[in-house]
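First the structure, in the form of structure tokens, and then the observations on it.
The values are calculated or read from the model by the stated rules, or taken from the named source; none is laboratory data. It should be emphasised that the depicted structure is a prediction, and the values quoted were computed from it without experimental measurement. Positions of Cβ are generated from backbone atoms using ideal geometry, with glycine treated the same way; all protein chains shown enter the neighbour counts.
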Amino acid sequence: MSNETQLTFRALKPDRYPSLLLMAIPLFCLGCSGGGDEIKLAPVSGVVTMDGKPLANAVVIFSPAKGNPSSGRTDASGNYTLQYKERLKGAVPGNHSICIITVPPENPKKTNDSEVAEVLPIDTSFSSEGGVPRTKRPKDTFKKDPIPERYNRKSELKKEVSEGKNKINFELQSK
């Protein structure tokens with residue numbers, strides 16, 4: 001074997017693997033960090049009222065022309081704070097279409113299944129029509145949203161999120 005070949009084998013000896021691994025970890029971390037995909041977010045909070053009263057258990061959704069939406073849930077006093085993705089708070093600066101819907105109250109009890117999505121109690125049975133399942137929903141499974149459609153499905157709401165803190169209140173009218 002030539003000297004060059006011996007050097008190559010010496011560098012790849014098993015006792016060198018831990019040091020190679022330690023050198024490779026920072027490279028993997030840089031590759032997974034998103035490398036420059038930082039999104040500018042502006043903090044957004046406010047109060048939602050309907051007919052002058054705080055609206056609890058509503059979800060406020062800000063949808064920009066480009067990018068992901070932000071949303072926040074109102075508390076008993078109607079206060080909300082927008083969250084972008086995962087644990088990032090705020091919304092992308094720019095013009096947004098707004099949708100406000102009500103949701104069932106949060107269940108304060110934590111169980112071992114707290115990570116599992118809530119399942120609707122729907123009975124299914126197979127019909128005689130080609131094996132397509134029929135569903136029987138419990139009464140009032142899907143109630144009509146008390147918020148008028150002009151604030152949700154046919155939303156007329158538009159707001160601009162500017163850089164810096166944003167306080168955006170919504171005064172909804174049921175009629």
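Laid out as a table, the results:
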{"quantity": "Candidates Ile39, Ile101 - the one that is within 19 Å of Asp145 (Cβ to Cβ) and among the hydrophobic types (A, V, I, L, M, F, W, C)", "calculated": "Ile101"}
{"quantity": "Selection count, the stretch 66-81, where residues are assigned to a loop (DSSP other than H, G, I, E, B) and of a type in the set (Ser, Thr, Tyr)", "calculated": "2"}
{"quantity": "Conditions (1) on the phi > 0 side of the Ramachandran plot; (2) not in a loop (DSSP other than H, G, I, E, B): number failed by Glu86", "calculated": "(2)"}
{"quantity": "Residues that are outside any strand (DSSP E or B), out of contact with any strand residue (DSSP E or B) (no Cβ under 7 Å at 6 or more places or on another chain) and farther than 17 Å from Pro104 by Cβ, drawn from the stretch 48-65", "calculated": "Asp51, Gly52"}
{"quantity": "Residue in the stretch 110-120 that is at pLDDT below 95, basic (Lys, Arg) and not assigned by TED's automatic domain parsing to the domain that holds Gly164 present", "calculated": "yes"}
{"quantity": "Condition met for Asp75 (among the acidic types (Asp, Glu), within 26 Å of Gly52 (Cα to Cα), modelled with pLDDT under 95 and in contact with a strand residue (DSSP E or B) (Cβ under 9 Å, 6 or more places away or on another chain))", "calculated": "no"}
{"quantity": "Scope the stretch 48-101; condition in contact with a Lys or Arg (Cβ under 9 Å, 6 or more places away or on another chain), under 20 Å from Glu156 (Cβ atoms) and either of a type in the set (Val, Ile, Thr) or surrounded by fewer than 18 Cβ atoms within 10 Å (Cβ to Cβ) (or both); matching residues", "calculated": "Asp51, Val59, Val60, Gly94, Asn95, Ser97, Ile98, Ile101"}
{"quantity": "Yes/no for Ala65 being in the same structural domain as Gly164 (by TED's automatic domain parsing), modelled with pLDDT of 95 or more and under 16 Å from Ala42 (Cα atoms)", "calculated": "no"}
{"quantity": "Residue check, Asn166 at pLDDT below 90, within 18 Å of Val47 (Cα to Cα) and not β-branched (Val, Ile, Thr)", "calculated": "no"}
